[in-house]
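The values are calculated or read from the model by the stated rules, or taken from the named source; none is laboratory data. Fair warning: this is a prediction, and the values are worked out from it, not measured in the lab. Counting neighbours? That spans all protein chains shown, and the Cβs are built from the backbone with ideal geometry, glycine included.
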Amino acid sequence: MAGPRPAYAVVIADVRGSRAAADVRPALERKLPRLSRQHLASGRILLPYAVTAGDEFQSISAAPDQIPRLILDLRRTLRPLVLRVGVGFGRVAGRVREPVNRMTGEAFERARSALENLKGVRRRESRGLTAYDTGDEAFDSTVNLIYELHDALLADISPKQWDTIEAYLKKGNLAGTARVLKLNISTVSRSLRRARFWQLEQTAATMEQILSARLERTGRLAR
């Protein structure tokens with residue numbers, strides 16, 4: 001009996017409202033190589049991010065449980081651009097090798113479907129910016145609901161609050177963040193709380209556990 005099919009997690013993202021945003025493509029080409037180096041070194045992706053067309057780019061995650069932090073890194077690094085992100089799980093055609101924008105297969109098709117769903121009529125009233133298509137409808141419904149709530153929190157973060165989040169993620173503690181920003185600790189703590197940072201962190205941690213438990217079976221997708 002054949003074993004389960006290999007699973008890959010493909011991430012395809014585009015920029016919401018890119019027609020009204022200036023210099024989107026140069027911003028992607030400037031920032032994505034640095035993010036590729038960071039994510040390759042930290043084991044978040046298998047291949048560098050590749051811009052596929054205009055405001056769109058993609059890669060393959062190294063493992064399902066890397067995706068929540070990967071997506072948050074993309075959103076932080078590329079702000080003020082607002083990203084829509086589609087994630088697809090499944091097979092890929094041929095070998096996993098550069099350039100990723102020439103690869104095809106089930107995982108790419110599902111990521112594309114998830115991204116297109118974010119643009120669809122049914123989601124126009126939604127604040128959701130992230131969608132998964134794993135081939136398991138019940139599982140996808142649950143995960144996508146979690147992300148719709150998560151993305152609503154993201155939309156309310158101000159630029160100053162993002163600066164506080166960035167500083168905190170670099171320093172890893174309130175005291176160090178306060179020194180860098182030349183603020184008192186209580187101000188930093190209040191800014192993080194108002195930005196719902198702790199909820200965002202908990203969502204990412206929970207999603208890592210969910211994806212690892214449900215989708216990752218020694219690098220294979222449970223069938």
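As an exercise: evaluate residue 155 against (1) loosely packed, with under 14 Cβ neighbours inside 10 Å; (2) modelled with pLDDT of 95 or more and give the number of the one condition it does not meet.
Going through (1) loosely packed, with under 14 Cβ neighbours inside 10 Å; (2) modelled with pLDDT of 95 or more one by one, residue 155 breaks only (2).
Under 9 Å between Cβ atoms, at least 6 apart or on separate chains: pull out the pairs that start in region 110-121 with a residue that is touching a residue at least 24 places away in the same chain (Cβ under 8 Å) and under 13 Å from residue 140 (Cα atoms) and end on any residue that is part of a helix (DSSP H, G or I) and among the polar types (S, T, N, Q).
114/144; 117/144
hydroxyl-bearing (Ser, Thr, Tyr) and farther than 30 Å from residue 183 by Cβ: does that describe residue 52?
yes
One line per residue, one yes/no per condition, for (1) part of a helix (DSSP H, G or I); (2) more than 19 Å from the chain's Cα centre (by Cα); (3) on the phi > 0 side of the Ramachandran plot; (4) in contact (Cβ under 8 Å) with a residue 12 or more places away in the chain:
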{"residue": "146", "(1), (2), (3), (4)": "yes, no, no, yes"}
{"residue": "167", "(1), (2), (3), (4)": "yes, yes, no, yes"}
{"residue": "188", "(1), (2), (3), (4)": "yes, yes, no, yes"}
{"residue": "198", "(1), (2), (3), (4)": "yes, no, no, no"}
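With respect to the numbered conditions (1) at pLDDT 90 or above; (2) under 17 Å from residue 13 (Cβ atoms); (3) not small (Gly, Ala, Ser), which one is the sole condition not fulfilled by residue 106?
Result: residue 106 passes all but (2).
Yes or no: region 91-104 includes at least one residue that is in contact with a Leu (Cβ under 7 Å, 6 or more places away or on another chain), closer than 20 Å to residue 66 by Cβ and β-branched (Val, Ile, Thr).
yes
Filter region 84-105 down to the residues that are surrounded by fewer than 21 Cβ atoms within 10 Å (Cβ to Cβ) and among the charged types (D, E, K, R) and list them by number.
Passing the criteria: 91, 95, 97, 98, 102.
In region 57-95, which residue that is part of a strand (DSSP E or B) and either among the small types (Gly, Ala, Ser) or farther than 20 Å from residue 128 by Cβ (or both) is farthest from the chain's Cα centre (by Cα)?
Narrowing region 57-95 to residues part of a strand (DSSP E or B): 57-61, 83-90.
From what is left, the residues that are either among the small types (Gly, Ala, Ser) or farther than 20 Å from residue 128 by Cβ (or both) are 59-61, 86, 88, 90.
Details: 59: 11, 60: 11, 61: 10, 86: 8, 88: 12, 90: 17 Å.
Taking the candidates together, the pick is 90.
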